[in-house]
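Down below is the structure, laid out as structure tokens.
None of the figures in this text is laboratory data; all of them are computed from the coordinates on show. These numbers were taken from a predicted model, which means no experiment stands behind them. Methodologically, a virtual Cβ is constructed for each residue, glycine included, from the backbone with ideal geometry; neighbour enumeration extends over all protein chains shown.
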Number of protein chains: 2
Amino acid sequence: MTSALLTDRYELTMIDAALRDGTASRRCVFELFSRRLPAGRRFGVVAGTGRLLEQLAEFRFGDAEIAWLRSAGVVSEATLDWLASYTFTGSIAGYQEGEVYFPGSPILIVEGTFAEAVVLETLALSILNYDSAVASAAARMVAAADGRPLAEMGSRRTGERSAVAAARAAYIAGFAATSNLEAGRTWGVPTMGTAAHSYTLLHDSEEEAFAAQVEAMGVGTTLLVDSYDIATGIETAIRVAGTSLGAIRIDSGDLGVVVASARAQLDALGATGTRITVTNDLDENTIAALRAAPVDSYGVGTSVVTGSGAPASGMVYKLVAHQDPSGSWLPVGKRSDGKATVAGRKVPVRSLDHGVAVEETIYVEEPETLPKPGRGLLVDLVRDGVADPAHLGPAGVAAARDHHAAAIGELPLAAFRLSQGDPVIPTVYI
Amino acid sequence: MTSALLTDRYELTMIDAALRDGTASRRCVFELFSRRLPAGRRFGVVAGTGRLLEQLAEFRFGDAEIAWLRSAGVVSEATLDWLASYTFTGSIAGYQEGEVYFPGSPILIVEGTFAEAVVLETLALSILNYDSAVASAAARMVAAADGRPLAEMGSRRTGERSAVAAARAAYIAGFAATSNLEAGRTWGVPTMGTAAHSYTLLHDSEEEAFAAQVEAMGVGTTLLVDSYDIATGIETAIRVAGTSLGAIRIDSGDLGVVVASARAQLDALGATGTRITVTNDLDENTIAALRAAPVDSYGVGTSVVTGSGAPASGMVYKLVAHQDPSGSWLPVGKRSDGKATVAGRKVPVRSLDHGVAVEETIYVEEPETLPKPGRGLLVDLVRDGVADPAHLGPAGVAAARDHHAAAIGELPLAAFRLSQGDPVIPTVYI
């Protein structure tokens with residue numbers, strides 16, 4: 001399935017005009033960055049990079065796409081010819097997927113001709129904006145859960161393909177598993193889930209439903225105990241499965257109260273090893289509020305797949321430099337009110353003090369000062385049109401998850417406050 | 001591309017258990033509905049139905065999916081055999097796409113065996129929740145724009161495939177066009193767009209950029225005039241294109257002030273027919289605030305594709321009735337705290353008084369009273385596994401857009417207040 005029409009029309013009309021006047025072949029640098037974090041957030045998390053590289057390989061205008069563009073009168077025949085032979089031959093550097101980012105961080109730096117780079121604007125932004133919104137929210141939930149595992153269960157609360165991306169992004173940010181099977185198949189994310197209320201209601205009694213589930217899945221399964229009355233549900237669950245029951249799930253009610261009572265009941269029944277998982281419209285604040293409750297794991301739906309109040313990351317894709325006809329590089333940036341862009345290619349460094357991040361230092365063009373001590377943030381993603389396979393597929397996801405854990409480990413503790421605040425380190429241009 | 005793994009794992013494990021104990025073949029009715037509208041909203045708009053019917057046709061567990069499920073140990077061999085031969089053979093009735101809905105409206109009513117119906121839960125909810133969130137937000141923006149056209153330009157602010165769905169949903173709700181090319185190709189949504197700031201910055205001067213654009217696209221094009229200074233940009237635009245220039249676009253600044261000044265400048269230059277389109281982080285409130293400004297059209301991005309504060313519609317998919325072993329229908333509903341479901345199959349009617357909606361009347365099971373005068377809301381979508389082609393493809397989108405306009409026309413004026421309020425008509429169960 002081609003990704004080439006996941007593109008705003010103006011990208012093709014710009015190419016059309018630029019091919020006519022010769023500017024289409026000027027070498028350009030575009031940067032993808034966020035002017036600010038969502039309100040009150042202290043850091044963001046980059047996700048989607050590996051997906052972008054895979055979609056880049058599918059970014060081809062085939063016969064069907066060309067025919068449709070012709071019938072819709074979008075661009076000239078000359079431009080259709082150019083599109084028909086399109087492959088990206090430039091280079092992309094950027095933040096390793098899973099990395100932490102701040103306002104202005106140059107998350108992707110795309111170098112190529114104007115035409116080959118500008119046409120990737122929408123695809124790159126769609127993927128990075130959504131996936132990073134999910135990962136950024138997920139990272140806050142992981143911090144709030146304070147070591148207890150989280151499962152992503154929000155597939156039904158976002159577009160059906162975004163759901164797969166969300167499961168992947170949450171996993172990179174430290175979630176343990178997802179309910180989404182396609183994310184398991186495509187990206188190697190561990191999958192989980194046992195039964196819904198409909199399964200219990202289908203049966204002539206809760207007891208028959210539980211017995212059939214234990215028969216099929218073994219006593220290690222998770223029984224959903226709140227279809228009717230929770231105390232009765234727990235009693236029935238342990239009677240049917242025995243005290244070796246793996247877990248119960250509670251999906252309703254005032255969880256702080258309900259969970260404490262459920263734990264006491266389980267313990268009284270001798271099911272001291274039976275875990276409790278909760279799944280009722282959780283977000284980072286309700287997760288944190290349950291820290292004192294005997295919850296063993298959380299299932300999170302709507303809030304994580306919708307970025308917990310910030311469903312788009314606000315990233316933009318801007319031209320920051322191009323070669324003039326003489327071949328020398330010219331830094332450029334628009335000056336629009338409230339949306340000005342820092343011109344020139346960037347070199348970002350996470351400045352560290354005894355291993356703790358203190359500044360996002362962004363060197364612009366050729367800095368006169370030497371880089372401060374710290375960690376260089378750019379990795380090669382695509383060279384001369386060829387993606388580094390280390391970022392692709394399940395192995396890329398696993399690497400991103402590992403990288404995320406390391407990058408999070410560098411942040412000062414203030415990064416994990418849930419209250420609204422400023423970015424935890426400043427961005428400084430040099 | 002199969003949609004079969006766009007599914008939560010628990011659907012397959014429920015089938016696994018239900019196949020073992022024989023309940024999998026019980027006839028069931030599932031309903032898809034929303035317990036409440038997003039905070040303060042006065043109505044919702046159904047979208048995604050046609051997409052769901054198309055994905056239903058692709059819901060097949062092929063060899064690759066079966067092999068992965070086996071390797072992941074998700075279900076038994078017997079269940080894998082059942083999945084391998086899966087096709088939905090039941091029936092689906094529901095609200096016509098584009099219809100207005102309220103809390104409890106049975107937007108889809110799915111009848112089939114437990115196994116064949118439960119497995120569609122996540123796919124149906126993913127599509128309806130997202131698409132309806134966009135359409136519901138879009139309808140408020142259309143009302144706020146008071147007849148001036150709106151273009152959807154938010155592809156970059158949502159997942160790359162959700163972007164296509166968003167363009168389609170906004171069009172159904174009355175938007176005039178989209179920037180998204182795939183939505184044009186797949187769903188027949190008119191596409192629009194000319195140039196971004198990068199195009200201007202690429203050139204050695206704004207004048208050269210404008211001249212090349214007019215050369216390629218003609219004087220009817222839209223020139224983006226705020227890359228540097230708006231007044232200079234407008235002066236240059238008219239000098240290059242002449243007073244027949246189609247439109248200017250302004251993407252920054254305090255639009256109320258900027259637009260009035262731009263209009264005065266255009267008129268003074270003699271470009272009285274040149275339109276003004278604005279595109280700076282608009283939502284229904286800023287659109288309404290520009291009613292007195294000389295804006296000719298709006299481009300809306302982030303807010304429409306993220307549901308303007310309500311990125312998921314909160315729809316759920318619940319078992320409401322099943323046949324017992326004797327073949328008689330049994331209404332069922334969970335009683336979970338705060339999430340109770342009204343048991344029994346529903347028949348919804350939009351009760352009207354002189355053509356104006358006054359109540360969402362929902363008859364439960366076999367009502368003893370006769371239906372009130374009004375409009376029956378259910379249409380057949382799928383009969384015995386076969387989708388009604390009237391709902392598919394671009395023709396389905398066009399029909400949904402027409403239906404939406406008619407359904408919106410029945411609502412009382414209070415529906416279009418932007419302030420927070422209750423649903424504009426009550427839902428009454430009979």
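When restricted to Cα atoms, the protein assembly as shown yields an Rg and a Dmax of 27.4, 87 Å, respectively. Using the Kirkwood radius over Cα pairs, work out the Stokes-Einstein diffusion coefficient for the stretch A:208-273 at 10 °C and 1.306 mPa s, in µm²/s as a whole number. D = 136 µm²/s. Counting every other Cβ atom within 10 Å of each residue's Cβ, A:M1, B:M217 order from fewest to most as A:M1, B:M217. Taking one quarter of the surface of the convex hull spanned by the alpha-carbon atoms of the stretch B:144-307 gives a direction-averaged projected area of 9.1 nm².
Working from label points 7 Å from Cα in the Cα-to-Cβ sense, the A:A268 to B:R70 distance is 4.9 nm. What is the sum of charges around B:A231, taking Lys and Arg as +1, Asp and Glu as -1, for the other residues whose C-beta is under 14 Å from the C-beta of B:A231? My count for the surroundings of B:A231 gives -3. With the simple spin-label model, which puts each label point 7 Å out from Cα in the Cβ direction, the A:A405 to B:T232 separation comes to 5.3 nm. Taking Cβ atoms as reference points and 9 Å as the exclusive limit, the residues near B:S336 contribute a net charge of 0, counting Lys and Arg as +1 and Asp and Glu as -1. Here is how far apart the B:R417 label points are across copies: 3.9 nm, shortest first, using a point 7 Å from Cα toward Cβ. So if we plug the beta-carbon distance of B:N285 and B:L330 into 1/(1 + (r/R0)^6) with R0 = 56 Å, what FRET efficiency do we get, rounded to 0.05? Once rounded, the FRET efficiency stands at 0.75. Each other residue within a Cβ distance under 13 Å of B:A24 adds +1 if Lys or Arg and -1 if Asp or Glu, for a net charge of -2. Label sites at B:V356 and A:D63, each approximated as a point 7 angstrom past Cα along Cα to Cβ, lie 5.8 nm apart. Here the Karplus curve 6.51 cos²θ - 1.76 cosθ + 1.60, taken at θ = phi - 60°, turns the phi angles of the stretch B:271-285 into couplings of 8, 5, x, 6, 7, 10, 10, 10, 8, 10, 6, 7, 9, 4, 6 Hz, with x standing for Gly and Pro. Scaling the Cα radius of gyration of the stretch A:303-369 by the globular reference 2.2 N^0.38 Å produces a ratio of 1.54.
For the stretch A:117-228, a simple Cβ point-charge model (Lys and Arg +1, Asp and Glu -1, everything else neutral) yields a dipole of about 580 debye relative to the Cα centre.
Note on A:K372: aspartates and glutamates with a C-alpha under 13 Å away, same-chain residues under 8 apart excluded, are A:D353, A:E359, A:E360. Here's how it looks for A:L381: its modeled amide H is under 5 Å from those of A:I92, A:A93, A:G94, which are all 5 or more places away or on a different chain. In chain B, the ratio of gyration radius to Kirkwood radius, Rg to Rh, stands at 1.06 when only Cα atoms are counted.
Partner shielding of B:321-329 amounts to 1, given as the average count of beta-carbon atoms from other chains within 10 Å of each residue beta-carbon. Averaging over all projection directions, the Cα-based convex hull of the stretch A:244-395 occupies 16.5 nm² in the image plane. Taking one quarter of the surface of the convex hull spanned by the alpha-carbon atoms of the stretch B:1-98 gives a direction-averaged projected area of 8.0 nm².
Computed packing ranks the peptides B:325-334, A:165-174 as A:165-174, B:325-334, most packed first, by mean other Cβ atoms within 10 Å. The lysines within cross-link reach of B:K318, meaning a Cα-to-Cα straight distance under 22 Å and a gap of 8 or more places when in the same chain, are B:K334, B:K339, B:K346.
Given +1 at the Cβ of Lys and Arg, -1 at the Cβ of Asp and Glu and no other charges, the dipole of the protein assembly as shown around its Cα centre is 1020 debye to the nearest 20.
Note on the stretch A:337-427: Cα-only Rg and Dmax are 16.0, 44 Å.
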